[in-house]
Amino acid sequence: MVTIDDVARLAGLSKSTVSRVINNYPHVSPAKKQKVYQAMDALGYVPNSSARSLRNKKTQMIAVLVPRLMNPFFGQLVESMEIEATKNGFQLLICQTMYSKETELGHLELLKMKQVDGMILASLENEWETVSEYLPYGPLVMCNEFEDSANIPIIKLDQIHGGYIATKHLLRQGHRKLAYCTGGHKSMVGQHRKIGFEKALKEHGLTFENRYGFFSAYSIEHGIEVFKQIHQMKDPPTAVFTGSDEVAAGIITGAKEYGVDVPGELSVIGFDNQVISKIMDPKISTVEQPIELMAQQSIQVLIETIKSKDFPKRERYEFPLELIIRESTVSGPLRAV
């Protein structure tokens, strides 16, 4: 019988390092991970914790990759997924990527090592060509984050419409200098929202000014920093479209620190309709996403895929978004434009 000592010997690494790789611990270099995986493949080694599941071909375990659970959107998404998975007799393994390509690939190895039956990608840091190499080891489903070229089920939201209705609302308030604030500009979610944002501007004869673009903003702290940059501008925007309620809350917090009135001097709109949007003063206008429905659909599709012999290809599910108007953008009645 092949043992972990045999793997360590062939890989030229310590037994503890091999154990850390097998158990998906962080802080192991990609080069060492690769040596371990190559040795395991060469020897046909299967971790003891997975042997029984491999014989039965199913672990009843699903993994979900998210960027960070501190973001309320992903916290709610994962909670809804876990409820749905439990209803169907599966356990949910939550894996945070922290926006790291290396960490994401480390989690994907769970499929290769047969520690999970399938995986939901709510985070996508690597190119699809790289991620798709794991498809032979088990089914993948994309949720929220997506890549159009991927031949796997995708459950997403109409982000173009979300960006459009939020921007249209700001334009109806008479704003003409609009800032755009998002997390990752390479993300398809962010790109689609920006398409909707620019579509609304174009309808009013406006174009997006790059100086009003703010990227890599994910948290309240980032929102505060965005406001400071806006406040230092000679010709600042009068309204800000943000990609999350957290960032919107940070901008409002920064505005208060500098004595800038929201929405009198600066209107701010968020995204997600999280709890923070309802308790901030002023309450935050936002775009509500049907997170629970998206989570349920993702789990159901993945379980159906796990149980089927043939992986489905290019299935697409898209849910609508809804504008929620509150105090951070409206100080009086709506104005027609």
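The values are calculated or read from the model by the stated rules, or taken from the named source; none is laboratory data. Since the structure is predicted, the reported quantities are computational estimates derived from the model, not experimental observations. Positions of Cβ are generated from backbone atoms using ideal geometry, with glycine treated the same way; all protein chains shown enter the neighbour counts.
Determine whether Ile279 is modelled with pLDDT of 95 or more and not assigned by the TED database to the domain that holds Val141. Answer is yes for this residue.
Matching residues to (1) more than 19 Å from the chain's Cα centre (by Cα); (2) of a type in the set (D, E, K, R); (3) at pLDDT 95 or above:
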{"residue": "Gln232", "(1), (2), (3)": "yes, no, yes"}
{"residue": "Asp235", "(1), (2), (3)": "yes, yes, yes"}
{"residue": "Val240", "(1), (2), (3)": "yes, no, yes"}
{"residue": "Glu246", "(1), (2), (3)": "no, yes, yes"}
{"residue": "Ile252", "(1), (2), (3)": "yes, no, yes"}
{"residue": "Gly264", "(1), (2), (3)": "yes, no, yes"}
{"residue": "Ser267", "(1), (2), (3)": "yes, no, yes"}
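Might you let me know whether the range 13-21 holds any residue that is farther than 30 Å from Glu292 by Cα, at pLDDT 85 or above and assigned to a loop (DSSP other than H, G, I, E, B)? Yes, that holds for at least one residue. One residue stands out among those in the range 269-291 that are part of a loop (DSSP other than H, G, I, E, B) and of a type in the set (D, E, K, R): the one that is nearest to the chain's Cα centre (by Cα), which is Lys283. Scanning the range 70-111 for residues that are among the small types (Gly, Ala, Ser) and over 19 Å from Glu246 (Cα atoms), which turns out surrounded by the most Cβ atoms within 10 Å (Cβ to Cβ)? For the range 70-111, the residue satisfying everything is Ala85. Looking only at residues in the range 224-263 that are among the hydroxyl-bearing types (Ser, Thr, Tyr) and over 25 Å from Tyr164 (Cβ atoms), the one that is surrounded by the fewest Cβ atoms within 10 Å (Cβ to Cβ) is Tyr258.
The single residue among Tyr180, Tyr218, Tyr164, Tyr212 that is under 14 Å from the mean Cα position of the chain (by Cα) and either over 20 Å from Arg68 (Cα atoms) or not polar (S, T, N, Q) (or both) turns out to be Tyr218. Each residue in the range 264-316 was checked for being basic (Lys, Arg), more than 23 Å from Tyr164 (Cα to Cα) and in contact (Cβ under 8 Å) with a residue 24 or more places away in the chain, and 2 of them qualify. Residues in the range 213-263 that are of a type outside the set (Val, Ile, Thr), in contact (Cβ under 8 Å) with a residue 40 or more places away in the chain and in contact with a Phe, Trp or Tyr (Cβ under 6 Å, 6 or more places away or on another chain): Pro237, Phe241, Gly243, Ser244. Of all residues in the range 139-162, those satisfying the criterion of being assigned to a helix (DSSP H, G or I) and buried (at least 23 other Cβ atoms within 10 Å of the Cβ) are Gln159, Gly162. Gln159 fulfils the conditions (1) at pLDDT below 95; (2) of a type in the set (S, T, N, Q); (3) within 30 Å of Asp117 (Cβ to Cβ) except for a single criterion, (1). Of everything listed in (1) assigned to a helix (DSSP H, G or I); (2) under 21 Å from Thr305 (Cα atoms); (3) over 14 Å from the mean Cα position of the chain (by Cα), the single unmet condition for Val78 is (3). Within the option set Ala31, Ala39, Ala63, being assigned by the TED database to the domain that holds Lys87 and at pLDDT 75 or above holds for one residue only, Ala63.
When the range 259-275 is filtered for residues that are among the aliphatic types (A, V, I, L, M) and under 16 Å from Thr329 (Cβ atoms), the ones remaining, listed by number, are Val260, Val262, Leu266, Val268, Ile269.
Examine the range 147-154 for a residue that is among the hydrophobic types (A, V, I, L, M, F, W, C), over 27 Å from Glu246 (Cα atoms) and not assigned by the TED database to the domain that holds Glu225, and state whether such a residue exists. Within the range 147-154, one or more residues are among the hydrophobic types (A, V, I, L, M, F, W, C), over 27 Å from Glu246 (Cα atoms) and not assigned by the TED database to the domain that holds Glu225.
If you check Glu125 against the conditions, is it in a helix (DSSP H, G or I) and of a type in the set (Asp, Glu)? So Glu125 fails the test.
Per the conditions (1) assigned to a loop (DSSP other than H, G, I, E, B); (2) in contact (Cβ under 8 Å) with a residue 24 or more places away in the chain, the sole criterion not satisfied by Gly205 is (2). Restricting attention to the range 81-114, which residues are in a helix (DSSP H, G or I) and not hydrophobic (A, V, I, L, M, F, W, C)? If the condition is that a residue be in a helix (DSSP H, G or I) and not hydrophobic (A, V, I, L, M, F, W, C), then Glu82, Glu84, Thr86, Lys87, Lys101, Glu102, Thr103, Glu104, Gly106, His107, Glu109, Lys112 are the ones that fit.
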